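A.B. asks: Handing you this structure, nothing more for now.
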Amino acid sequence: MMLAADAPLRRFAGDFVKSPLAVAAALGLLAIILMAVFAGAVAPQNPYNLAEIDILDGSLEPGQEGFTGFTFWLGSDEQGRDMLSAMIYGLRISLFVSFVAVSSAVLVGMTLGLLAAWRGGWIETVIMRTVDIQLSFPALLVALLLLAALGKGVDKVIIALILVQWAYFARTVRAAALVEIKKDYVMAARAAALPERRILFGHVLPNVMPPVLVIATVQVANAIAIEASLSFLGVGVPITEPSLGLLIANGFDYLLSGRYWISFYPGVALLVTLVCINVVGDHVRDILNPRLQR
Amino acid sequence: MLAYLIRRLSQALLVMAVMATIVFFGLYAVGNPVDLLINPEADLAEQEATIRRLGLDKPVHVQFGYFLGGLVQGDLGTSFVHNRPALELILSRLPATLELAFLGILIAIVLGIPLGMIAGLRPDAPSSKLIMAGSVIGFSTPNFWQGLMLIMLFAVFLGWLPAGGRGDTVDVLGIPVSFLTWDGLSHLILPAVNVAIFKMSLVIRLTRAGTSEVALQDYVKYARARGLSPTRVVGVHILKNILIPVVTVLGLETGNVIAFAVVTETVFAWPGIGKLLIDSIGLLDRPVVVAYLMLTVFLFVMINLVVDIAYSILDPRVRIRGAKA
Amino acid sequence: MSTPVLSVRGLTTTFDTRAGTVTAVDGVSFDVGPGEVLGVVGESGSGKTITGFSVLGLIDPPGKIAAGEVLLNGRDLRTLPEAEMHRLRGDRIAMIFQDPMMTLNPVLRIDTQMIETIRAHRDVSRARAREMAAEALALVGIPSPVERLRTYPHEMSGGMRQRVVIAIALMLEPDLIIADEPTTALDVTIQSQILSEMQRLLAQRNTALIWITHDLTVVAGLADRVAVMYAGRIVETGPVDDLLDRPAHPYTQGLIASIPSAVPRGTRLVPIRGMTPSLVNLPPGCAFAPRCPHASNTCRAARPDEQARGHGRALRCFHPLETTP
């Protein structure tokens, strides 16, 4: 697979652009990420600057103009906050939480997975049994109970997400690393007593990266969904830093009186983000899956 | 088969014991069990009485013994809020959750398997592409928001179905069920659909993957070469082979459905154990949370066991391996 | 020879692939009379298996039968509606596949698979069908057939499974059996057992047999006539003894020369040089030319047509080997 350093990458890119749907999803995802990163510049309003919002603009329907002449394209909430702006800021929090959580989970899971594969013995047994038990329980439930114990907060949500996600990576990395370790060149390198670090990071790690990438994409989507669910259930991010999930939860009360937009648009944003990630993830998996390369 | 059952049962017991240990010491790790297990509103004398009754003045290993003893007898403490044994409280809510979960899974299977097979048998047909697009969206839609949208559409705008609650129930063998009354059923439909949509996407994906793989097997071509009707080839030879992975995953997902019912129950104010859990977390009713945890662990272990047995019935190859091992 | 059971004329089967259209079977014609055994010999990729499936009309997209006639007792199967083909398959034409491990559905018992075949073609009761199945198993030498019916395929050995498949093929007394490498996956001892069993069973009835194989030695002992296929075409046909003694096509000669037992002890085996050509980029001339020791410019420029040579022999070659017929 690794004939030349950049050949697989180029072939991967070549395969990827063959699907217009995946390209569209990737571009959409890029736009979403850029929007979240530059929320301050993109959003029409800073929804958390009290000087910018006016309670008189509360509960405006999408497209209505407020007293200050500001048009609320996606409506406003009870406090007169522009929903579009609130969504862009909410997106930032959702993405921040999931990216930080998943990259930490990758690090933790990869380290433990490599350790298990490399050392074997009781270390492997302990790590893998923990993984098995953990994965037999749904992530949302584990995170919910963890947060019930830890309390609310962005940092706590991230910790809970890392704790529920590391196991996926540990399992994947161990499986991939075991295959790699049994190959002749690693055996040879071990026999030649090359430094362990060089074998692991130079040879084994590059080969476990493709499956880790696939899982990581899916897990980012999962993390976003779990965070949103937790916030909706009232154990996630605090009200001062509302993610998309919390925005939806806040709109729940107004839904029954017909003010649908407060919940509807943040949900659409969440859905579009998740669909984009899942489409890209599916496609990456299909390309990397040798069984489908007929 | 008997040896296999005994082995699996003892494994299940082991997992239960491990989880009980984790929960017990988890309680210690998180904080003082006195704070966690005793109603903070109780007066000092009452607190001391409870401490003595729960044995909280004893060393940890003795307390662990009490905890396990209580567990075996089904005593998981008393709810501060409801003033009822926590386990009894949860069990009284369990039928509602199970009804919701099973109806959701039933809808997912009944619709998902045929749709997945269509998509797997003719992957390039427009209908198949539509099915797969639908499944990606169903897979990606956050469950709670989907529930809100169902309420918005069917309860608020169209006014066809109620937005929440359980409605009238009828007792069957002493267990209240909703699906036998029209009012109960109308309350049940939206939450069940909400549970079903996500699972259905999963079933469609699994079935499609299984179908397109099984359809290429020699035994399918051989079945056709024997002149069997397409209905029999698809409905027996292909279906029975894809059922194995689908049932396995779905069975394991039953636990997930029960856990995810937390979300659906919250959205639809469905009085099941998930709603109880969220309420208890909000009200700091720890004994109920602990009892919920132990009950879900038990359910999960049991579900895994049942799935393994179902698996061995469906796949004769496993049965033999299991018996020999 | 009496009226042929099966008469194939100009059969052409193509596959549309990304690299272009591949002609897997190219203008193949042959006859099989009642009770006659036709050996179809060729390397893998020569189109012999596709020929078998084409006769049964079991070519799946992207493949299609592009041209030709398949006459079974004078009726052109290509013009028959699909429902009529279902009735024929397994009843008038039975097929035996290469790998008995893959042929029988792993999750269905032997009796299920036998009874469904009988009841797809005969209006008999389940009990009667079971009797018929047991009789068929007894016929192919399976001990205690009634008990065997209740087993799953994986509980049998490979040889036993192939006997079951042969029993299914013979069960409804078809006019024609197409056997695709039925003994290749078996041990040599089992292979010869099955071969002699087949000979015995075929001698009793008047069933025509097409035996597809890559192994000339199997054909030598079993077939009446041989058709040698190369790159989708039949390059030489003739009565088995005559053709093996006096091969006229260089490819046939090459095949014979590479059989260890066919050449006198001490002589070197002569492998055929080169590899089977890819069907995507066939040379414009004779497909065998690049590997042929006798190839001339004529061979590389044009494809040889079929020429009858008397004694029931025919071949496609510009430079037939001079052997006295």
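A.B. asks: Given the convex hull of the Cα atoms of the range C:1-52, what is a quarter of its surface area in nm²?
C.D. replies: 4.1
A.B. asks: Order the following by accessible area, largest value first: A:K156, A:K18, A:K183, C:K48. Probe radius 1.4 Å; ligands, DNA and RNA are ignored.
C.D. replies: A:K18, A:K183, A:K156, C:K48
A.B. asks: Now a separate question. Work out, in µm²/s and without decimals, the Stokes-Einstein translational diffusion coefficient of the range B:179-325 at 4 °C, 1.567 mPa s, Rh from Kirkwood over C-alpha pairs. Before the final figure, lay out the partial values.
C.D. replies: On the way: Rh = 18.3 Å.
Result for D is 71 µm²/s.
A.B. asks: Same structure, new question: Quick one: grab the alpha carbon gyration tensor of the range A:151-204, order the square roots of its eigenvalues as a ≥ b ≥ c, and give me rounded if a/c is under 1.5, else prolate or oblate depending on whether a/b is larger than b/c.
C.D. replies: Verdict is prolate for the range A:151-204.
A.B. asks: Report, to two decimal places, the Cα Rg of the range C:103-173 normalised by 2.2 N^0.38 Å (N = number of residues).
C.D. replies: Taking the Cα Rg and dividing by 2.2 N^0.38 Å, one obtains 0.97.
A.B. asks: What's the buried accessible area, both sides, between A and B using a 1.4 Å probe, rounded to 100 Å²?
C.D. replies: Values: alone 15350 and 17550 Å², together 29790 Å².
In total, chains A and B hide about 3100 Å² from solvent.
A.B. asks: Let me ask another. For C:V40, which sequence-distant residues (separation of 5 or more, or a different chain) have an amide H within less than 5 Å of its own amide H, given hydrogens modelled in the peptide plane?
C.D. replies: C:W211, C:I212, C:T213, C:A227
A.B. asks: Select from B:L158, B:L284, B:L239 the residue whose mean-square fluctuation is largest in a Gaussian network model of chain B (Cα-Cα springs shorter than 10 Å).
C.D. replies: Looking only at B:L158, B:L284, B:L239, the largest GNM fluctuation is found for B:L158.
A.B. asks: Right, another one. Starting from a Cα-only point model with no solvent, please compute log10 I(q)/I(0) by Debye for chain B at q = 0.06, 0.09, 0.10, 0.16 1/Å.
C.D. replies: -0.29, -0.61, -0.74, -1.32
A.B. asks: Determine the shape class of the range C:44-95: with a ≥ b ≥ c the square roots of the Cα gyration tensor eigenvalues, call it rounded for a/c under 1.5, and otherwise prolate if a/b is greater than b/c, oblate otherwise.
C.D. replies: prolate
A.B. asks: In whole angstrom, how far apart do the alpha carbon centroids of the range C:227-246 and the range B:200-261 sit?
C.D. replies: 44
A.B. asks: Still on this model: Compute the accessible area per residue over the range B:87-314, keeping the other protein chains in place, probe 1.4 Å, unit Å². Display every interim value, and only then the final one.
C.D. replies: Numbers: 8570 Å² over 228 residues.
Heavy-atom accessible area per residue stands at 38 Å².
A.B. asks: If you don't mind, there's one more thing I want to ask. Fully extended, how many nm does the chain gain between C:R9 and C:T217 (0.36 nm per residue separation, minus their Cα-Cα distance)? Numbers along the way, then the final one.
C.D. replies: On the way: separation 208, 0.36 × 208 = 74.88 nm, distance 2.73 nm.
So the extension gain works out to 72.2 nm.
A.B. asks: Now, a different point. Using a basic spin-label model with each label point 7 Å from the Cα along Cα→Cβ, how many nm lie between C:V270 and B:I6?
C.D. replies: A separation of 7.0 nm, rounded to one decimal place.
A.B. asks: To the nearest 10 Å², what's C:M102's accessible area with a 1.4 Å probe?
C.D. replies: 80
A.B. asks: Okay, next question. When you take every Cα atom in the range C:36-175, what is the radius of gyration, and what is Dmax, the widest Cα pair distance, in Å?
C.D. replies: 16.2, 47
A.B. asks: Rounded, prolate or oblate: which fits the range B:130-209, taking a ≥ b ≥ c as square roots of the Cα gyration tensor eigenvalues, rounded meaning a/c under 1.5, else prolate when a/b beats b/c?
C.D. replies: Here the range B:130-209 falls in the oblate category.
A.B. asks: Same structure, new question: For chain A, build the convex hull from the C-alpha positions and give me its volume per residue in Å³.
C.D. replies: 161
A.B. asks: Of A:D82, B:D168, which has the most accessible area with a 1.4 Å probe, and how do the rest follow in descending order?
C.D. replies: B:D168, A:D82
A.B. asks: Heavy atoms only, 1.4 Å probe, whole protein assembly: order B:K221, A:K182 by accessible area, highest first.
C.D. replies: Highest to lowest solvent-accessible surface, that is A:K182, B:K221.
A.B. asks: Still on this structure, please answer the following. Go through the range B:262-278 residue by residue and turn each phi into a ³J(HN,Hα) via Karplus (6.51, -1.76, 1.60, θ = phi - 60°); whole Hz please, and just put x for glycine and proline.
C.D. replies: Computed from phi, the couplings for the range B:262-278 are 3, 5, 4, 5, 5, 5, 9, 6, 7, x, x, 6, x, 4, 4, 4, 4 Hz.
A.B. asks: Taking H placed 1.01 Å from N in the peptide plane, check which residues at least 5 places from B:V177 or on another chain put their amide H under 5 Å from its amide H.
C.D. replies: Excluding prolines and chain starts, which carry no amide H, the hits are B:V170, B:D171, B:V172.
A.B. asks: List, in order, the whole-Hz ³J(HN,Hα) value for each residue of the range C:302-318 obtained from phi through the Karplus relation with A = 6.51, B = -1.76, C = 1.60 and θ = phi - 60°; use x for Gly and Pro.
C.D. replies: My calculation for the range C:302-318 gives 9, 8, x, 8, 7, 10, 6, 10, x, 6, x, 9, 8, 7, 10, 6, 7 Hz in order.
A.B. asks: Mind pulling the angle between the C-alpha long axis of helix B:182-214 and the longest principal axis of chain B? Nearest 10 degrees, somewhere in 0 to 90.
C.D. replies: 50
A.B. asks: Averaging the inverse of every distinct alpha carbon separation and then flipping it gives the Kirkwood radius. What is it for the range C:166-325, in angstrom units? Could you put the intermediate results ahead of the total?
C.D. replies: Working: mean 1/r = 0.0575 Å⁻¹.
It works out to 17.4 Å.
A.B. asks: Further question on the same structure: If we restrict to alpha carbons, what Rg and Dmax does the protein assembly as shown come to, in Å?
C.D. replies: In Å, with Rg to one decimal and Dmax whole: 34.9, 119.
A.B. asks: Further question: Ignoring ligands, DNA and RNA and using a 1.4 Å probe, state the total buried accessible area between C and B in Å², rounded to the nearest 100.
C.D. replies: Its buried surface, counting both partners, is about 2300 Å².
A.B. asks: What list of ³J(HN,Hα) values in whole Hz, one per residue of the range C:103-117 in order, does the Karplus curve 6.51 cos²θ - 1.76 cosθ + 1.60 (θ = phi - 60°) give from phi, with Gly and Pro shown as x?
C.D. replies: Per-residue couplings from phi come out as 7, 7, 5, x, 9, 10, 6, 4, 5, 4, 6, 6, 5, 5, 5 Hz.
A.B. asks: How big is D for chain C, in µm² s⁻¹ as a whole number, if Stokes-Einstein is applied with the Kirkwood radius of its Cα pairs at 37 °C and 0.692 mPa s?
C.D. replies: Approximately 158 µm²/s, per Stokes-Einstein.
A.B. asks: Could you quote the convex hull projected area for the range B:55-112, Cα atoms only and averaged over all directions, in nm²? Don't jump to the answer; show the numbers that get you there.
C.D. replies: Values: hull surface 24.5 nm².
Result: 6.1 nm².
A.B. asks: Residues of chain A: accessible area per residue at 1.4 Å, in Å²? Kindly include the intermediate steps, with their values, before the conclusion.
C.D. replies: Numbers: 13760 Å² over 294 residues.
Accessible area per residue: 47 Å².
A.B. asks: Over the alpha-carbon set of the range A:75-218, work out the extent along each principal axis and list the three values in angstrom, largest first.
C.D. replies: Computed over the range A:75-218, the largest-to-smallest principal extents equal 69, 28, 20 Å.
A.B. asks: With the solvent-accessible surface defined on protein heavy atoms using a 1.4 Å probe, which residues belonging to the range B:284-308 display a reduction of at least 50 Å² in accessible area in the multichain context relative to the isolated chain?
C.D. replies: Listed in order, they are B:F300.
A.B. asks: With the crude spin-label approximation of a point 7 Å out along Cα→Cβ, what separation in nm comes out for B:L158 versus A:V42?
C.D. replies: 3.4
A.B. asks: Taking chain A as a Gaussian network, Cα atoms linked when under 10 Å apart, which of A:E227, A:E124, A:E196 shows the biggest mean-square fluctuation?
C.D. replies: With Cα springs under 10 Å in chain A, the top fluctuation among A:E227, A:E124, A:E196 is at A:E196.
A.B. asks: Give the accessible surface of chain C per residue, rounded to a whole number of Å², with probe radius 1.4 Å and ligands, DNA and RNA excluded. Write down the numbers at each step before the final one.
C.D. replies: On the way: 13950 Å² over 325 residues.
That works out to 43 Å² for each residue.
A.B. asks: Given only helices, namely DSSP H runs of n ≥ 4 each adding -39500 (n - 2.57), what is the per-residue ellipticity at 222 nm of chain A, to the nearest 500 deg cm²/dmol?
C.D. replies: After summing the helix terms and dividing by residue count, I get -23000 deg cm²/dmol.
A.B. asks: What is the spin-label model distance, in nm, from C:Q199 to B:V306 if the labels are put 7 Å beyond Cα along the C-beta direction?
C.D. replies: Modelled inter-label distance: 5.9 nm.
A.B. asks: Considering amide H positions built from the backbone, and no H for Pro or chain starts, which residues 5 or more places from C:T13, or on another chain, come under 5 Å of its amide H?
C.D. replies: Sorted by chain and number, the residues that satisfy this are C:A24, C:V25, C:D26, C:G27, C:A66.
A.B. asks: Which of B:A125, B:A86, B:A108 ends up with the largest GNM mean-square fluctuation for chain B, with Cα atoms connected below 10 Å?
C.D. replies: Ranking B:A125, B:A86, B:A108 by mean-square fluctuation puts B:A125 first.
The values are calculated or read from the model by the stated rules, or taken from the named source; none is laboratory data. Remember, it's a predicted structure, so these values are computed and weren't measured experimentally. Using ideal geometry, Cβ is built from the backbone for each residue, glycine included, and neighbour counts are taken over all protein chains shown. Note: accessible area is taken over every heavy atom of the protein model, side chains too, but ligands, DNA and RNA are not part of it. Shrake-Rupley method; radii C 1.70, N 1.55, O 1.52, S 1.80 Å.
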